[in-house]
């Protein structure tokens, strides 16, 4: 079937010729052709797949630090990496996965249209390849109908899709399979096609796909694809760039207008030093843009890709970057599991030694614990939150904080001083500056990142410094100290604002 635009153009081309005749004569055959063209155009517009989102649009907050819904309410981006979702799962499996993630509080899943694992030559669960002859301007309708279904299902569950048009090996092969199929010209056409198709869907565009920009050609491809997406969806969706490990979108595109917020891949190490400390660096850049970690260490992942030396990561390893990033200024966070991102199950070949099939891995403890951080931060004024490690007292170098490496302490607070929070990744004594909080009295709480429960400690005069130690000290037992201006009568940490329970 011809596109509706071509049909309408042909119809309009006929009408002027008729009007230009001195004595117009409406032949039955010509009238029938016009009527048929009109009917076909209407039917095309009615039947073409157009995912209509069951979720509101997203935008950048007025202070340029956060994501918000179109009505201005805070949107805490809690993502899960499901890179092979479109490519490897059938609809029943995809629905099972999405319902599981919705129940655990995730509101974004990150997935790739032209997937990493031979995504151009190995078909999806229904035998469909995404492109005809690996040509980006010849997408396969059957493949994208399956994508449509998953996007619509995600939206119906309140989940946005972090939609990658392609994995990076299709424009910068590096260590991947490739082949490199994109040019600036076809990247723009492909982007516009995607933008029009998903204009009404609930998603965030994520360009890149784990590859660096190493040439003017690479940069031109990404910018052209971004321009095509914008042209196609009319600016309906936010847009960012998924970088390679240890880097961020800001390295190449921070000042580009199309880049609405920065995404980092802080990597698969377990220490604060290195990638995770760079979230704050992106927070401090100008022009001001939101930032989040789109790929931290996955649960059950070989730490630093060396399982023989460091073992596989645990839930505690995934919680630490969650709070390091958030308290360092991130507007949200992405979780991942080493089996789930690749949707691994026998007899399919494993990548980097996953420990269990994805159907089992989706219920590993770290996944359910991510939502506690979202609930904690949304239980206090969210859009005025700033990073501030100076809340923590140190008796050594003025700019240092207790702990190092995986035991790094971090702090955040409301810019007006109505509350502050300190993440203690290990049970050690530490001191805080009470004057970072407003009001004559400070109410203190312990918040448990493992189960989302909060316990009141007491109320204290807002003077000088005060020492705290977590209720159950231990190397794997992390806690969050919450300090409130008592006059604000905030709800218990992790409970909706205004709630007394």
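Values in this text are rule-based calculations from the coordinates and carry no lab data. Keep in mind that what you see is a predicted model, and the values were worked out from it rather than measured. With ideal geometry, Cβ positions are generated from the backbone for all residues, glycine too; neighbour counts draw on all protein chains shown.
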- request: With a/c under 1.5 counting as rounded, go ahead and sort region 432-501 into rounded, prolate or oblate using the C-alpha gyration tensor (a ≥ b ≥ c being the square roots of the eigenvalues; past the cut-off, prolate if a/b is larger than b/c, else oblate).
  value: oblate
query: When all alpha-carbon pairs of the chain are counted, what percent fall beyond 33 Å?
result: 42
message: How tilted is helix 28-47 with respect to the longest principal axis of the chain? Cα atoms for both, answer in degrees (0 to 90, nearest 10).
response: 10
Over the chain: helical MRE at 222 nm, DSSP H runs n ≥ 4 each giving -39500 (n - 2.57), nearest 500: -9000 deg cm²/dmol
statement: Taking Cα atoms only, helix 315-327 is inclined relative to the longest principal axis of the chain by an angle, in degrees rounded to 10, of 90
statement: Per the Kirkwood formula over distinct C-alpha pairs, the hydrodynamic radius of region 171-240 in angstrom is 12.3
- request: Please work out how much length the chain gains when fully extended from residue 407 to residue 142, using 0.36 nm per residue of separation minus the C-alpha to C-alpha distance, in nm with one decimal.
  value: 90.4 nm
message: Using a 7 Å offset from the Cα along the Cα-to-Cβ direction at both residue 69 and residue 360, what is the distance between the two label points in nm, to one decimal?
response: 3.9
- prompt: Using only Cα atoms, what Kirkwood radius does region 385-488 have, in angstroms?
  reply: 13.7
task: Considering the convex hull of the alpha carbon atoms of region 79-374, report its projected area averaged over all viewing directions, in nm², one decimal.
output: 13.7
message: From the C-alpha coordinates alone, can you work out the Kirkwood hydrodynamic radius of region 291-362, in Å?
response: 12.8
statement: With label points set 7 Å from each Cα along the Cα-to-Cβ direction at residue 463 and residue 309, the distance between them in nm comes to 5.3
task: Can you tell me what the convex hull of the Cα atoms of region 335-409 projects to on average, as an area in nm²?
output: 7.7
- request: Using only Cα atoms, locate the centre of region 178-196 and the centre of region 367-382, then give the distance between them in Å, rounded to an integer.
  value: 37
task: For residue 390 paired with residue 251, estimate the spin-label separation in nm (one decimal), with each label point 7 Å from Cα along the Cα-to-Cβ line.
output: 3.1
message: If you restrict to DSSP beta bridges whose two residues both lie in the chain, what percentage is antiparallel, to the nearest 5?
response: 65
field: Using alpha-carbon coordinates, inclination of helix 4-20 to the longest axis of the chain, degrees
entry: 40
statement: Cα-based Rg then Dmax for region 100-144, in Å, read 13.4, 40
